[in-house]
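The values are calculated or read from the model by the stated rules, or taken from the named source; none is laboratory data. Small disclaimer: the values here were computed from a predicted structure and weren't measured. Neighbour counts are summed over all protein chains in view; Cβ atoms, including those assigned to glycine, are modelled from backbone coordinates with ideal geometry. Accessible surface areas use protein heavy atoms only, side chains included; no ligands, DNA or RNA. Shrake-Rupley method; radii C 1.70, N 1.55, O 1.52, S 1.80 Å.
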Amino acid sequence: MSDPMIGRRALLRGAGGLAALTALPSLSACGTGTSRAASGGGKGGKTVVVRDSGGSYGEALQKAIYTPFTQETGISVQVVNLQGTQMLAQIKQGRPQFDLINNSMMDHIKFGTQDALEKLDLDRIKSLKSAKIPDNQITDHAIGNSFYGQCMAYRTDAFGGRKPESWADFWDTKAFKGSRSMCNPDADLPELEFALLADGVPMDKLYPLDVDRAFKVLTRLRSDIKKFWDSGPLPGVLLSRQEVTMSTVWDGRIADLQKQGVPVARQLNGMRRQFQGYGIAKGAAHVDAAYQLLDYSLRPEVQAALAKAFPSNPSSPVAYEKLTKERRNALAGAPQYYDKGFDADINWWIKNEAAVSKRWLEWARG
């Protein structure tokens, strides 16, 4: 499964390399990116080009959003899969070959500070009101449509019937024996929040993060961390092989493991949420069509359709009402789980990620 999170990491690593890049000459010649056309081409000759991260996520977007959008509006959807530096290079040269960008809200903030996104006219996005998108996911340049949660996964057969209930239990290797796995910065943001929660910091008091305290807590667990994962499937592999009894994980991975018969469960207490969303490229050629696709994508019923096709969590609380109870309860964004987690403070991370990641690498090497 291709993860939208991977695109975010690639963008962050390459955000400074604009001078070495030139705008791409055509949709079919996009360097390391790829392009594809959604099925059911528009009848009126209108087109919108959207950037997404591809893979099974891209396939789900096409099934749940692009194809029915074309059927309803007659606007055909073309898709490109470009890295952040490629997108920024095209925008800076005034020739973006894409209109709507599906990316992390963290990346959208970065793009906005570089004048790479159009300022949104919210009056043109009619579904905002009916979808009840949270205010903190509506910015001048982007709107969040879904989130992924980073949480704890554990083997249900490892602790004699006991269940870990908190990050403090993740750190308690005497009561919950076995090795652990946590992510490294190639996969996601360093997991400082989990260390602070394990040390008793309340969720609503996490930010600004006490970095020194977090690393002291991480050091207490360092000898029990068998491996740092750098890709979405790896926690499941480690749990399946019983190399670890607990791991941090992207929440959508747990259902896949359970379907395979692996005795694992997730714990959503203290889950960290990061949102995905849409922005319109500065200088986009098809601004009107981009607004129409953005508006369509945010409809509650469309967000629900995407949740059926891919394990992402709608930003619209109304979308969960349009899912069966079983499917709704499988999502980390379901109403009964939402207050168990917290939103990553992406403004804090934008300012501090480089320094924290450097320190994390030094810490991990011992």
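Numbers for the structure displayed
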quantity	calculated
Pick from the range 308-345, criterion surrounded by 16 or more Cβ atoms within 10 Å (Cβ to Cβ) and among the basic types (Lys, Arg), ranking: modelled with the highest pLDDT	LYS322
Filtered residues of the range 108-124 (kept if touching a Leu at 6+ places or on another chain (Cβ under 8 Å) and either of a type in the set (Gly, Ala, Ser) or open to solvent by 20 Å² or more (accessible area, probe 1.4 Å) (or both))	LYS110, GLN114, ALA116, LEU122
In the range 86-103, the residues that are closer than 26 Å to TYR148 by Cβ and either open to solvent by less than 10 Å² (accessible area, probe 1.4 Å) or of a type in the set (A, V, I, L, M, F, W, C) (or both)	MET87, LEU88, ILE91, PHE98, ASP99, LEU100, ILE101, ASN102, ASN103
Qualifying positions in the range 328-347 - free of Cβ contacts under 8 Å to residues at least 40 places away in the same chain, in contact with a Phe, Trp or Tyr (Cβ under 8 Å, 6 or more places away or on another chain) and not in a helix (DSSP H, G or I)	LEU331, ALA334
Matching helices (runs of 4 or more DSSP H) fully within the range 109-217 where at least 2 residues are closer than 18 Å to ASP343 by Cα	192-198
Of the criteria (1) open to solvent by less than 10 Å² (accessible area, probe 1.4 Å); (2) modelled with pLDDT under 95; (3) not polar (S, T, N, Q), which one GLY252 fails	(1)
Which listed residue is touching a Lys or Arg at 6+ places or on another chain (Cβ under 6 Å) and touching a residue at least 40 places away in the same chain (Cβ under 8 Å), from VAL318, VAL302, VAL249	VAL318
Index of the failed condition, ASP288 passing every other in (1) within 26 Å of ASP121 (Cα to Cα); (2) out of contact with any Lys or Arg (no Cβ under 6 Å at 6 or more places or on another chain); (3) open to solvent by 10 Å² or more (accessible area, probe 1.4 Å); (4) touching a residue at least 40 places away in the same chain (Cβ under 8 Å)	(4)
Count of the range 200-244 residues which are open to solvent by 10 Å² or more (accessible area, probe 1.4 Å), over 25 Å from the mean Cα position of the chain (by Cα) and not basic (Lys, Arg)	7
ASN269, sole failed condition from (1) farther than 30 Å from ASP212 by Cβ; (2) part of a strand (DSSP E or B); (3) open to solvent by 20 Å² or more (accessible area, probe 1.4 Å)	(1)
Filter pass, GLN303 being outside any loop (DSSP other than H, G, I, E, B) and farther than 15 Å from ALA131 by Cβ	no
Close pairs (7 angstrom Cβ cut-off, 6 or more residues apart or separate chains): within 11 Å of GLN292 (Cα to Cα) and touching a residue at least 12 places away in the same chain (Cβ under 8 Å) in the range 70-88, open to solvent by 20 Å² or more (accessible area, probe 1.4 Å) and of a type in the set (Val, Ile, Thr) anywhere	ILE75/THR47
Count - residues of the range 63-82 that are in a helix (DSSP H, G or I) and either open to solvent by 40 Å² or more (accessible area, probe 1.4 Å) or touching a helix residue (DSSP H, G or I) at 6+ places or on another chain (Cβ under 6 Å) (or both)	7
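A quick yes/no check of all residues on (1) among the hydroxyl-bearing types (Ser, Thr, Tyr); (2) over 26 Å from SER312 (Cα atoms); (3) touching a residue at least 40 places away in the same chain (Cβ under 8 Å):
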| residue | (1), (2), (3) |
| --- | --- |
| SER179 | yes, yes, yes |
| PRO185 | no, no, yes |
| PRO190 | no, no, yes |
| LYS205 | no, yes, no |
| VAL244 | no, no, yes |
| ARG266 | no, no, yes |
| ALA281 | no, no, yes |
